[in-house]
1. In debye, nearest 20: dipole of the chain around its Cα centre with unit charges on the Cβ of K, R (+) and D, E (-)?
2. Can you sort MET17, MET1 by how many other beta carbons sit within 10 Å, fewest first?
3. Among PHE90, PHE122, ILE105, whose Cα sits farthest toward the positive end of the charge dipole of the stretch 89-130 (+1 at Cβ of Lys/Arg, -1 at Cβ of Asp/Glu, about the Cα centre)?
4. I want the antiparallel fraction of DSSP beta bridges within the stretch 5-152, as a percent rounded to 5.
5. With respect to the cross-link table entries LYS38/LYS101; LYS38/LYS135; LYS78/LYS109; LYS31/LYS109; LYS10/LYS135; LYS38/LYS109, which display a Cα-Cα separation exceeding 23 Å?
6. Of ASN33, ASN25, ASN63, which is the most mobile in a GNM of the chain whose springs link Cα atoms less than 10 angstrom apart?
7. Pick out, in residue order, every one of the GluC sites (Glu not before Pro) in the stretch 1-100 that is DSSP loop and has at most 11 other C-beta atoms within 10 Å; say none if there are none.
8. Of the candidates LEU66, LEU113, LEU16, which one comes out as most mobile in a Gaussian network treatment of the chain with C-alpha springs shorter than 10 Å?
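Please treat every number below as a calculation from the coordinates, not as lab data. Since this is a predicted model, take the numbers as computed values, not measurements. Quick reminder, even Gly has a Cβ in these numbers, built from the backbone with ideal geometry, and neighbours come from all protein chains shown.
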Amino acid sequence: MILATLCYIKRDGQTLMVHRNKKPNDIHEGKWNGLGGKFEAGESPEECIVREVREESGLVIQNPGLHGLLVFTQFKGKDWYVFVFTATEFEGELIDSPEGKLEWIDDGKLCELPLWPSDRVFLPWLERREFFSAKFIYEEETFVSHQVSFYG
């Protein structure tokens, strides 16, 4: 089981995304993603996302908003539990990310990027005021189905 975080940093109708094109054997190679990564021992989801965003972008986010939990069953052989955040408050300057090319993308064009199919499903949920809990099923890299519940 893998515990991870994912953050979509927002400003002026745009979202900071990373085009994953730098790391060898990256399971996300060629895809565009929000920022985030795996927990380190003893971290809370908030501590993890602040650290991951800083490492991947150079930005220090404040008050990240938790929107939901995504579960990906047997994705690349492991169950992933991913806490999804957005952030609108941040400081710092973008760095040359070790993950790939960072770019501010117009919100209306996000779903035109090469994303995982599940991203196209859950990205609109970030605009809702309800917390979501969702399970996504992939077979190999093929998206099969999903289930979602909204709370609040």
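1. 320
2. Exposure proxy ranking, most exposed first: MET1, MET17.
3. The residue sitting most towards the positive pole is PHE122.
4. Beta bridges within the stretch 5-152, antiparallel portion: roughly 75 percent.
5. Check vs 23 Å cut-off fails for LYS78/LYS109; LYS10/LYS135; LYS38/LYS109.
6. ASN25
7. Within the stretch 1-100, the qualifying GluC sites (Glu not before Pro) (loop, at most 11 other Cβ atoms within 10 Å) are GLU40, GLU93.
8. LEU113
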